[in-house]
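Derivation of every value follows stated rules applied to the coordinates shown; laboratory data play no part. Small disclaimer: the values here were computed from a predicted structure and weren't measured. Heads up, the Cβs are rebuilt from the backbone with ideal geometry, glycines too, and the neighbour counts pull from every protein chain shown.
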Amino acid sequence: MNMSCRRVMFLLVIAFALGSKGYSQSLVPAIITFGDSSVDVGNNNYIPTLFKANYPPYGKDFINHQPTGRFCNGKLVTDITADTLQFTSYAPAYLSPQASGKNLLIGANFASAGGGYDDQTSTLNHAIPLSQQLQYYKEYQSKLAQVAGSTKSASIIKDAIYVLGAGSGDFLQNYYVNPLLNKAYTPEQYSSILVGIFSSFIKTMYGLGARKFGVTSLPPLGCLPLARTLFGFHGKGCVSNINTDAQQFNKKLNSSAASLQKQLPDLRLVIFDIFQPLYDLVKNPSSQGFVEATRGCCGTGTVETTVFLCNPNSPGTCSNASQYVFWDSVHPSQAANQILADALVLAGFALI
Ligand SMILES: *[C@@H]1O[C@H](CO)[C@@H](O)[C@H](O)[C@H]1NC(C)=O
Ligand SMILES: *[C@@H]1O[C@H](CO)[C@@H](O)[C@H](O)[C@H]1NC(C)=O
């Protein structure tokens, strides 16, 4: 079944659900998000860190061409998913002034660029550690109870979709560049540590009332322009040992998810495999109308700076990001995110 066919099918199912259940709005009450720059919608605007995306040309294809803190020219996969679920606005970044009152009813976003499963990754990058994101979530629960009342807030907490997107930074911005880690652990051992943190996180969230989780796998890390530049030694193609590490992590993540599913009654936990669709896109960009998959549209050429990402002084930002798989040296463009979101639609059924 091809992508657009999947989307049509999905929309039909949604239309049916809306018609039969008489929902007036979105298909789930709220989306609550944790993780790194793949899902951060602007928390880092409010903390002192180098990992920020609240300036042009970030957001140039977003609503009103606004840079928001999203590491993309436009929408993230999670934004596109929220659109599909019929949300008319996006859950606010928890540290933003918008995260108050009724806005909290559709969820909140706790993610922080530069962060990861490993709190040390976040500390190194001055991002919000996952453990702190969890503390914020507890605070969110009490604020939500004040806004919605205890009965309604309990049902929002139970029926919300919880999205977790992390792990890339743990490898690219910590493990591979941190001798304290890569001398002490093999990539496989480090993966086990990260997946252990993932598992405790899900258990803690379950204990707090969350039931439906969508967790992204690692992307093909070795195909990101950053990895090609830093670790590719000017070879052509993706860095295969890094992709192997990512797949090994993904395998462990899958088995941990399966075991959690057995242990925790009523848990619905879906792993969104973004490795394969992104890998396919990088290998064969023209099949989906893309022309460039090895460089980001913004800010990366042969010379990388400390922050690696694009900034207002990056020369030569491409004119049409829709033709690029990557927006900057790490993050897919909105056009690529659309392809990923389409690829995840069927898996997402399980959460509705
Ligand atoms: C993990 O599970 C997903 C969804 O079931 C599957 O598509 C993917 O191939 C699995 N990945 C690995 C590395 O086993
Ligand atoms: C940008 O590229 C896409 C994909 O190739 C194409 O469909 C679109 O028309 C282009 N937009 C502009 C303004 O050139």
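Figures for the structure shown
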| read-out | value |
| --- | --- |
| The chain - percent relative contact order, Cα under 8 Å, separation 6 or more | 18 |
| DSSP loop chymotrypsin sites (Phe, Trp or Tyr not before Pro) with at most 15 other Cβ within 10 Å: longest gap in the chain | 24-184 |
| 222 nm mean residue ellipticity, helices alone, for the chain (DSSP H n ≥ 4; -39,500 (n - 2.57); rounded to 500) | -13000 deg cm²/dmol |
| Residue exposure sequence - His65, His331 - by fewest surrounding Cβ within 10 Å | His65, His331 |
| Positive minus negative residues near Asn45 (Lys, Arg vs Asp, Glu; Cβ under 14 Å) | +1 |
| At 1.567 mPa s and 4 °C, Stokes D of the range 27-68 from Kirkwood alpha-carbon radius, µm² per second | 111 |
| Overall form of the range 50-208 per C-alpha gyration tensor (a/c, 1.5; a/b vs b/c) | oblate |
| Spatial separation of Cα centroids for the range 231-292 and the range 37-62, in angstrom | 24 |
| Binned Cα-Cα distances of the range 136-213, short to long, each 5 Å bin given as a whole percent | 3, 14, 18, 17, 12, 11, 10, 7, 5, 2, 0 |
| Max mean-square fluctuation residue, GNM over the chain, Cα-Cα springs under 10 Å, options Leu130, Leu27, Leu340 | Leu27 |
| Only Lys, Arg (+1) and Asp, Glu (-1) charged, at Cβ; the range 105-219 dipole about Cα centre in debye | 420 |
| Filtered trypsin sites (Lys or Arg not before Pro), the range 114-193: DSSP coil and at most 16 other beta carbons within 10 Å | Lys183 |
| Gain in span if fully extended, Ala184 to Gln135, counting 0.36 nm per residue against the direct Cα distance | 14.7 nm |
| The range 153-260, Rg to Rh (Cα coordinates; Rh as Kirkwood inverse mean 1/r) | 1.06 |
| Relative contact order of the range 71-161, defined on C-alpha pairs under 8 angstrom at six or more residues apart (%) | 18 |
| Cα shape, the chain, gyration tensor, a/c 1.5 rule | rounded |
| Lysines whose Cα lies under 19 Å from that of Lys152, excluding same-chain neighbours fewer than 8 positions away | Lys21, Lys102, Lys138, Lys143, Lys212 |
| Computed Rg/Rh of the range 94-166, alpha carbon atoms with Kirkwood Rh | 1.01 |
| At q = 0.10, 0.12, 0.13, 0.20 Å⁻¹, base-10 log of I(q)/I(0) for the range 202-352 (Debye sum, equal scatterers on each alpha carbon) | -0.42, -0.59, -0.67, -1.17 |
| Positive dipole terminus of the chain, leading residue within Tyr206, Gly74, Ser314 (C-beta point charges) | Tyr206 |
| Prolate/oblate/rounded label for the range 235-287 (Cα gyration tensor, a/c 1.5) | oblate |
| Value of relative contact order over the range 154-287, rounded to a whole percent, pairs C-alpha under 8 Å and six or more apart | 31 |
| Counted charge near Lys252, where neighbours are those whose Cβ lies closer than 14 Å (Asp, Glu -1; Lys, Arg +1) | -3 |
| For the chain, size of Cβ-based charge dipole, Lys and Arg +1, Asp and Glu -1, in debye | 620 |
| Positive-pole candidate from Ala336, Ser287, Gln25, dipole of the chain, charges at beta carbon | Gln25 |
| Neighbour net charge for Tyr190 - beta-carbon separation under 13 angstrom, K R +1, D E -1 | -2 |
